[in-house]
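These notes concern the structure reproduced below.
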Amino acid sequence: MSEIELGPATRSVPQPALGPRQLPAFTIPDAELGMGASLGNSAIWINTKNTGAIERVSAIDLAQSLFGTIIVRYGGTGTPLSDGWIEAPRGDAKDTSYVGIRPDASRTFEIHPAFQRVFYTIVGAVRVSETTFVPLLSDDTETQGDPPVAYQSIELYNADVYPHSLRVTAYARLRGSLGGDVEARYDPDCDALVAWNLGNRKAVRIFAMSPKPARHSTTFDFGSVYDPSHVHALDNSTESMGDILGCLQVDITLEPSATYTFSLKAGAYSGEQSRALKAFRATPDAQTALQRTIEHLERRLHYTEVVTPDALINQGALWSKVNMRRVMATYPQGRAFTNDPGNTPNVVIRDASWFIVGNDYFMPEFSRSLIQKLISVQYDSGKMPEYFDGVSGAIEDDGLNINDDTPLFILAAHHHFQATGDTAWLKGAYPAIARAARYILSQLDKRGLVYCNAQDPRGNVWAIASWRNIIPLYTINGAVTEINAECAAALRAVAELAADTQDHQDDGPGFLAAYQALRDALNSHLINPENGLYYLNIDCDGNVHTDVTGDEVFPVMFRVCDDETGFRVISRLNSPDFWTSAGLRTASRVDPLYNPSDFSGLMGGVWPGLTWWYAFAAAPYHPEFMVRALRSSFEHYGADPKKNNTVPGQFSEWFDGESLTNKGMRLSPWEPPRFLWAAVEGVCGLTLTSGVPRINPLIPQTWSWVGLRRLRYHGGELSYFLIRKGTISQIYTTAQLESDSETLLFTSDVTDEVAVFSKTAVTIALAKEHEFAVLIGNVGEQTTTIPINVSRLVEGEATYMVRLFNSERGAWEEPEEQAGAELTTLAISVEGKGFRLLNIARI
């Protein structure tokens, strides 16, 4: 393997408030939001409502929710006037009477990578801020150790000239998805309610308030949560047992301009109660946990920053990493993610393989752990199962002799090696990879095609060899174009891997010949001579299925067809019967089998992941199609969240092909990695190799620049940007690479040393001895003046030659000599979607 010199890790420098490195957030009123965010870490998963309340809290290692709704209610002092049915206040006559308070107007949501924050007011003047988050405290270790705790940090500020006395009561439904046999006690050491099931004492819930609550109770009185009459003091009793609410209360008086802050913690543990309480006590307070979570994401999300003239694509790449981090879990069987967090422990091999491919650019340590787990569940034959249970370890293949799981496992391992360059790892993993490849060869028929013999009359997962495998009474078997394209690419990949090993290089020629034979058989037998497109399949009874579906992308995406066929496929799928404003339909709108709203959208719904496969496949033929495909589904997530049943920034599963409403999971784990992969290897033009990377961005003619920062590659980091100067392209890079463009080599990425004061500006700054190159791109539509500060790059007493390339004029401005002290703040005018290249060289 050839050596590659990579830039060092960059220094993290605090940026001004408007700096581009600040994590973005969406702000939206609750009237425009149908649901809240989904948040997760390695141990816990929560969903929230559009009121800001927590909907459920699930324990990863139990694959069950241990809490239902967690909600905070506020009461203000006052005695309600009797209307003949409201009773007098209960309890001690000296007890202050409180009545329920609702928000004065609509709530406003801030959806941030680290948290969800809700703002509203009560009693006309008390401002409420409720911040819900799960702690992301664990970096890349062998076992992620995030605590199984959900936090809600609440701040009350009195903007009035009058004091306000408030009763704050937090309620938690303690049953979750388990049985209604819950009992609880109050633990004074933790200042918390501790609950468990009589039939499962190791399902432990801990519900705490800090500072400690004044009162507590358990109750069946669900109506008390929203009854507009009295808000009674809790009775400090935990005698109620069953499907109960756990309640914590504090009474406060807010003086004018005063602030009161408190927090709730909901811990969902499996195991002995004593161990759960010890672990809970060791968790940080809410302020510390939130700060550490933000710092963790600041570190992680600035790896592999996609920098393009399209702000939506840039945002999509960042939020894809946010979504990936949320679903990285630690199950009893190891680090993995499931295809429905919080609801099922099933780890599907196809989804895991695609996750690895995208995540190699984000947190490759997690990818490594996941691949090793996939190897451990491989059948002796070399076949990969359909899924394994992350809790029990049980594996299942749905009775199929071959599906996409086996070739996708090979492709994921191949991608991981080329992204990391780790030959020691490859040496250990290669036997399992080769076993999988040989199993593929054992499934060839007389035509030389990979053949699935499933004929189960139930259809569905038992009779479909495809990613579209959950359609009842439907079959895709025999010689399937998708499976054959994936298997051909997998054989090519294992041939390349064999060449990169010392002990198995003799395998390479055989696997390469097998790839070529399967590719030729695919293009000989599975192309429809009537239209030059691919058949869906030739089934076990010899019937030819001419259906044109989104599955046409596979031979193109895996580069196993000629350019003429690839161009034809990309053009056909660009037709109106497939395209919507939210992305690509899985089947044509005029197909007799078209059903846009049923079968999980697999017969005409819109799947973002398919759209991003198409984006990658389209790049060599129509870069403008690639850009449209990449941005369409991500844009749809935030376009009309309440109507579309989405959350801005959150990658939901699939849309109805007509209404374009999300009908799948609110956060789908398999969509985000496909976006990042398509952006990096499509828009940014990266081609992985076992040595020096190849960089050839395939961008539309309307773009004049593109870049990628802090790409995780071969154990180091790589940053680069491409600019167009008329017909000439140049790539500025921190590492050696191969490209069709002229390359200029720098030594390090110093972007974090540049402060930029514009929300429409993006930058990449590269350095070598006494010289800096700073790309300033405008992602806005209009010309804007962008102030930047480069004082951290220069010495005040030194003299520099400053040059500026103007993309609007296509030429360099006249160079100027300037002292370093004069370069503190510069104001640079940049046209919409254009760029300026600032070159600063010390004289």
### Query
How far is helix 405-420 tilted off the main Cα axis of the chain, in degrees rounded to 10, range 0 to 90?
90 degrees
#### Entry: Percentage relative contact order, the chain, counting C-alpha pairs under 8 Å, at least six apart
12 percent
### Query
So what are the three principal axis dimensions of the stretch 694-819 from its Cα atoms, in whole Å, longest to shortest?
40, 37, 27
### Task
Quote to one decimal, in nm, the extra length available between S381 and L312 on full extension: 0.36 nm per residue of separation minus the C-alpha distance between them.
20.4 nm
### Query
What list of ³J(HN,Hα) values in whole Hz, one per residue of the stretch 632-648 in order, does the Karplus curve 6.51 cos²θ - 1.76 cosθ + 1.60 (θ = phi - 60°) give from phi, with Gly and Pro shown as x?
5, 5, 5, 4, 5, 4, x, 5, 8, x, 5, 5, 8, 6, 10, 10, x
### Task
Would you mind checking which residues have amide H under 5 Å from A394's amide H? H placed 1.01 Å from N; only 5 or more apart, or other chain.
D389
### Label-point gap, in nm, between D160 and L473 - each point 7 angstrom along Cα→Cβ
6.3 nm
### Query
Under a 1.4 angstrom probe, counting protein chains only, how are K383, K642 ranked by accessible area, largest first?
K642, K383
### Query
Among 371-379, 42-50, how do they line up from the highest to the lowest mean number of other beta-carbon atoms within 10 Å?
42-50, 371-379
### Task
Would you mind working out the accessible area per residue for the chain, using a 1.4 Å probe, and quoting it in Å²?
36 Å²
### Task
For the stretch 120-139 and the stretch 157-209, compute the distance between their C-alpha centroids and round to whole Å.
18 Å
### Task
Once you have the Cα-Cα distance between A424 and A798, take 0.36 nm times their residue separation minus that, and quote the gain in nm to one decimal.
129.9 nm
### Message
Cut-off 16 Å, label point 7 angstrom out along Cα-to-Cβ of Q287: give me the residues of the stretch 195-213 whose amide nitrogen falls inside.
### Response
210-212
### Query
Among the GluC sites (Glu not before Pro) within the stretch 742-780, which fall in a DSSP loop and have no more than 14 other Cβ atoms within 10 Å of their own Cβ?
E769
### Summary
Rounded to the nearest 10 degrees, the helix 364-376 long axis (Cα) sits at an angle to the longest Cα principal axis of the chain of 80 degrees
### Query
If you place +1 on the Cβ of every Lys and Arg, -1 on the Cβ of every Asp and Glu, and leave all else neutral, what size is the dipole of the chain about its Cα centre, to the nearest 20 Debye?
980 debye
### Task
Divide, for the stretch 355-501, the radius of gyration over alpha carbons by 2.2 N^0.38 Å, where N is the residue count.
1.04
### Message
Could you work out the pair-distance distribution P(r) of the chain from its alpha-carbon pairs, with 10 angstrom bin width and percents rounded to whole numbers?
### Response
2, 12, 21, 23, 19, 13, 7, 2, 0, 0
### Query
Separation of the stretch 291-305 and the stretch 34-52 by C-alpha centroid, Å?
20 Å
### Mean Cα-pair separation over length for the stretch 477-633, i.e. relative contact order, pairs under 8 Å, 6 or more apart, %
18 percent
### Task
Over 31 Å between C-alpha atoms is what I'm after, so list which of K212/K321; K725/K768; K383/K427; K373/K446; K373/K768; K212/K663 land there.
K212/K321; K373/K446; K373/K768; K212/K663
### Query
What list of ³J(HN,Hα) values in whole Hz, one per residue of the stretch 574-580 in order, does the Karplus curve 6.51 cos²θ - 1.76 cosθ + 1.60 (θ = phi - 60°) give from phi, with Gly and Pro shown as x?
7, 7, x, 6, 9, 8, 10
### P(r) weight above 17 Å for the stretch 469-547, C-alpha pairs, percent
54 percent
### Query
Setting aside same-chain residues fewer than 8 positions from K759, which lysines have a Cα under 17 Å from its Cα?
K833
### Query
Whole-Hz Karplus ³J(HN,Hα) for the stretch 490-501, in order, using 6.51 cos²θ - 1.76 cosθ + 1.60 and θ = phi - 60°, x for Gly and Pro?
5, 5, 4, 5, 5, 4, 5, 5, 4, 5, 8, 9
### Query
So which GluC sites (Glu not before Pro) in the stretch 154-241 pass both tests, a DSSP loop state and at most 13 other Cβ atoms within 10 Å of the Cβ?
E239
### Query
Can you work out the base-10 log of I(q)/I(0) for the stretch 235-298 at q = 0.17, 0.24, 0.30 1/Å, using the Debye formula on its C-alpha atoms alone?
-0.97, -1.16, -1.23
### Task
Work out how much length A811 to E769 would gain on full extension: take 0.36 nm times their residue separation and subtract the Cα-Cα distance, in nm to one decimal.
12.6 nm
### Query
Which value results for Rg/Rh of the stretch 541-636 when Rg is the Cα radius of gyration and Rh the Kirkwood radius based on the inverse mean 1/r?
0.97
#### Entry: CD proxy at 222 nm, helix term only [per DSSP H run n ≥ 4: -39500 (n - 2.57); per residue of the chain; nearest 500]
-7500 deg cm²/dmol
### Query
If one computes the Cα centroid of the stretch 502-565 and of the stretch 745-789, what distance in Å separates the two points?
44 Å
### Task
Pop out the carbon and sulfur fraction of the accessible area of the chain as a percent, whole number, probe 1.4 Å.
48 percent
### Query
If amide H atoms are built 1.01 Å from N in the plane of the peptide, which residues on other chains or at least 5 residues away come under 5 Å of the amide H of D160?
S257
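The values are calculated or read from the model by the stated rules, or taken from the named source; none is laboratory data. All of these numbers come straight from a predicted model, not from anything done at the bench. So basically every Cβ, Gly included, is an ideal-geometry build from the backbone, and we count neighbours across all protein chains shown. Each accessible area value is taken on the protein alone, full model and side chains, heavy atoms only, with ligands, DNA and RNA left out. Shrake-Rupley method; radii C 1.70, N 1.55, O 1.52, S 1.80 Å.
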